1. Does residue 89 satisfy being modelled with pLDDT under 70, under 28 Å from the mean Cα position of the chain (by Cα) and either outside any helix (DSSP H, G or I) or under 30 Å from residue 6 (Cα atoms) (or both)?
2. May I ask you to list the residues in the range 30-60 that are touching a strand residue (DSSP E or B) at 6+ places or on another chain (Cβ under 8 Å), part of a loop (DSSP other than H, G, I, E, B), modelled with pLDDT of 80 or more and more than 15 Å from residue 70 (Cβ to Cβ)?
3. Output the number of residues of the range 61-78 satisfying the condition of being loosely packed, with under 11 Cβ neighbours inside 10 Å and either at pLDDT 75 or above or under 16 Å from residue 21 (Cβ atoms) (or both).
């Protein structure tokens with residue numbers, strides 16, 4: 001199905017409780033659209049559509065052609081699946097590396113306590129500082 005932007009919408013007086021709209025697309029296609037409920041499309045909306053031509057008979061018995069449109073919400077551009085899988089895998093690896101970094105940060109801080117470089121009451125603050133440094137490094141490497 002073609003995709004195009006709506007460039008013009010013109011309502012016609014309601015018939016039988018339904019309003020029909022004359023719709024013109026950016027690619028030059030035009031026709032009539034009668035929504036089931038409220039008109040949900042507006043000028044500037046990108047839509048997927050089908051155009052069909054029908055013959056109708058007027059009151060005098062003469063036949064004439066009428067173009068009608070069926071409008072759909074255009075599909076949004078999606079990330080390629082390959083990149084999505086890589087993104088998920090990368091996030092999982094980053095999470096694992098941060099876990100490893102937290103263990104190494106605690107080992108480093110405990111080595112400082114054992115070597116009498118810091119007192120035990122400084123463990124929490126020192127751990128946060130070291131882990132923040134290592135976690136930031138993991139993020140930096142992951143975004144390169």
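The values are calculated or read from the model by the stated rules, or taken from the named source; none is laboratory data. Just so we're clear, the structure is a prediction, and the values are computed from it rather than from any experiment. Note that each Cβ is placed from the backbone with ideal geometry, even for glycine, and that neighbours are counted across all protein chains shown.
1. Numbers: modelled with pLDDT under 70: yes; under 28 Å from the mean Cα position of the chain (by Cα): yes; either outside any helix (DSSP H, G or I) or under 30 Å from residue 6 (Cα atoms) (or both): no.
In short, no.
2. Result: 42, 43, 44.
3. Let us first name the residues in the range 61-78 that are loosely packed, with under 11 Cβ neighbours inside 10 Å, namely 61-65, 75-78.
This time we only want the ones that are either at pLDDT 75 or above or under 16 Å from residue 21 (Cβ atoms) (or both), so: 61-62.
So the count comes out to 2.
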